[in-house]
Amino acid sequence: MTEILYIYITIFALYFVVYACVLSVSSRKIRDKYTPKDANICVVVYSTGKSNTLENLIKQLKAQNYPKENYTIYAILDKCENISEVTFQSDLKVNTVVVNNIEPIGKSQAYSIIAEKLYNIENLDAYVFLDSKNYIDSDFLTNVNYYLTKYDVFNPTVTYLSDDGELSFCQNIKMVYSKFINRFISIPRTRLGLTNILKTDSFVIKKSLLNKIAVFDFRNIVSEMEYTLKLAKEEVQVAVVEDLNVYESIEKFDFRIPSLSKRLGMFFTGIAQQNQSLISRELLLSQAAPNWLMFTIGFLIPLVHTHNFPAAISYSTVLITFVIFLIAFFVGLLKMKFYPQEYLYLFSYPLLSIARLGYNFPLCRSIRNIFDKTTRVHNIEKMVTSAIITDGTREIQTKLELISDDGLAKITFINPNGKRYTTKNNHLRMIDAFRELSAKLKDYGMVLKICQNCRHFETLVDGSTNMVKGTCKCNFEGRTPGDIIPTLAWNTCPKFEEQNVISLF
């Protein structure tokens, strides 16, 4: 067991040694980004919820020093609360797509709308997809045009800024750790010709490649990894470009990676498949990399064990490997040229991780919930109603408990056996709680047959926060034209049809 742990840790220690060697070779900054052709680019900006930075990003896009005739701008307003089509109505340089669904359709479908709309445009070379929370420089598209000659799909480097100019201690830790991951891992992997996980908040992809892959699926970090694997199977590298920048508020920082168990599961499942390319196999291997805690434990256990007991691997071998890893790690850190205080923030990251683990530990979470319930008076309202779920072949009668806790909505799903599942998050609107529950059931191949999930249902906005009221728009036989039929989110009928999913290509 000790030998297996040592081999596992050593494999990924070698990764760090190679990354450090790559960082030791200074890269030449490309000042003149001349290209013989200016690519035709479609910039797609996605915005949902309260988008306070959308208008600013649109202004920055319109002020690019790239030839105006070589790029177009599409703004997708997916249930935006403070931006409307009127905002860009008189702006001929911005093509606006307004989505007024019951709930946001999400980034995957929004991007697919544009990709399908422009599928047959022959003189379009590439798409630039940006989340409205991003900021960009005036030469952003000029840089994109240059790197399109080198890569088929790539991510810019994200730089985090503070809205008020000052970062807290925790924000500094997050920002520096993000810089470390980008400079120490992502950029060396790009230089080595290896692929990185595609980050969908800002990325560039050639139209010819997108037409070939022909699907978007960006539900979460795991789906981003699966999409990257799909590209890797086609021997396509996802690059991270160090000389192409987007900026984002540190308040929106969300450094997410799949759990080690999930990554190991994908590794063992994918590595045995016959259709994997060399790039995709290496990607799967890299995703099995341990985190800093596993690295520490992985070296300490073999060191202690081989020091006290005879083993197939000698104590000196383990010690030398550990020393080589430490030297490579610290040489790589020096090559990153951090400021002295940034090293302090970086080495504080394990403390932040431990604090976060402790805060979210089930026992601590339970204690917090008990303390919250005993120290604060909650205004809780509940109502139980019947509902139907279906797997396409049979219908099952279930119950839903709609909960309003101090105005925040949750739903408890009760199956016929009495087992209960409560949505994890508190929502301002009940329809958002329905959305979370529907997504969870969808993972099990089940559809919740309620009006809110029916394509004939239209939300009735009456000023209430729960917003479960609506009207039925089904043109059934015998319906009086213009007749308004009120309904509620948990009703269902034989005319139920699941909401239309916008077709992908």
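So which residues in segment 123-172 are open to solvent by less than 20 Å² (accessible area, probe 1.4 Å), under 15 Å from ALA39 (Cβ atoms) and polar (S, T, N, Q)? If the condition is that a residue be open to solvent by less than 20 Å² (accessible area, probe 1.4 Å), under 15 Å from ALA39 (Cβ atoms) and polar (S, T, N, Q), then ASN143, ASN145 are the ones that fit.
To keep it simple, each residue is scored yes or no on (1) among the hydroxyl-bearing types (Ser, Thr, Tyr); (2) closer than 28 Å to ASN172 by Cβ; (3) surrounded by fewer than 16 Cβ atoms within 10 Å (Cβ to Cβ).
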site: MET294; (1), (2), (3): no, yes, yes
site: ILE301; (1), (2), (3): no, no, no
site: HIS307; (1), (2), (3): no, no, yes
site: SER314; (1), (2), (3): yes, no, yes
site: LYS337; (1), (2), (3): no, yes, yes
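Screening SER168 on (1) among the polar types (S, T, N, Q); (2) out of contact with any helix residue (DSSP H, G or I) (no Cβ under 7 Å at 6 or more places or on another chain); (3) modelled with pLDDT of 85 or more shows it passes everything except condition (3). For segment 197-207, a tally of residues being open to solvent by less than 10 Å² (accessible area, probe 1.4 Å) and of a type outside the set (A, V, I, L, M, F, W, C) returns 2.
Taken together, VAL377, VAL384, VAL323 contain a single residue that is modelled with pLDDT under 85 and either surrounded by fewer than 12 Cβ atoms within 10 Å (Cβ to Cβ) or touching a strand residue (DSSP E or B) at 6+ places or on another chain (Cβ under 9 Å) (or both), which is VAL377. The sole residue among ALA288, ALA232, ALA272 that is loosely packed, with under 15 Cβ neighbours inside 10 Å and either at pLDDT 80 or above or out of contact with any Leu (no Cβ under 9 Å at 6 or more places or on another chain) (or both) is ALA272.
If you go through segment 143-171 and keep only what is under 12 Å from ASN245 (Cα atoms) and hydroxyl-bearing (Ser, Thr, Tyr), you end up with THR157, THR159, TYR160.
For segment 214-237, the condition of being on the phi > 0 side of the Ramachandran plot and among the charged types (D, E, K, R) holds for at least one residue. A search for C-beta distances below 6 Å between a residue of segment 411-433 that is under 11 Å from GLU401 (Cα atoms) and open to solvent by 40 Å² or more (accessible area, probe 1.4 Å) and any residue that is part of a loop (DSSP other than H, G, I, E, B) and not aromatic (Phe, Trp, Tyr), counting only pairs 6+ apart in sequence or on different chains, returns nothing.
Give me a count of the residues in segment 179-230 that are over 30 Å from PHE330 (Cβ atoms) and either in contact with a His (Cβ under 8 Å, 6 or more places away or on another chain) or part of a loop (DSSP other than H, G, I, E, B) (or both). Residues flagged as over 30 Å from PHE330 (Cβ atoms) and either in contact with a His (Cβ under 8 Å, 6 or more places away or on another chain) or part of a loop (DSSP other than H, G, I, E, B) (or both) within segment 179-230 amount to 10. Among the residues of this structure, LEU400 counts as one that is at negative phi and surrounded by 15 or more Cβ atoms within 10 Å (Cβ to Cβ). The requirement of being surrounded by fewer than 16 Cβ atoms within 10 Å (Cβ to Cβ) and over 24 Å from GLU122 (Cα atoms) is fulfilled somewhere in segment 176-190, by at least one residue. Of the listed requirements (1) in contact with a Pro (Cβ under 9 Å, 6 or more places away or on another chain); (2) more than 16 Å from LEU284 (Cβ to Cβ), MET225 misses just one: (2).
The values are calculated or read from the model by the stated rules, or taken from the named source; none is laboratory data. Here the structure is a predicted model, which is why all the values come from computation and not from measurement. As a convention, Cβ positions derive from the backbone with ideal geometry for all residues, glycine included, and neighbour counts pool all protein chains shown. Surface areas here come from the heavy atoms of the whole protein model, side chains and all, with no ligands, DNA or RNA. Shrake-Rupley method; radii C 1.70, N 1.55, O 1.52, S 1.80 Å.
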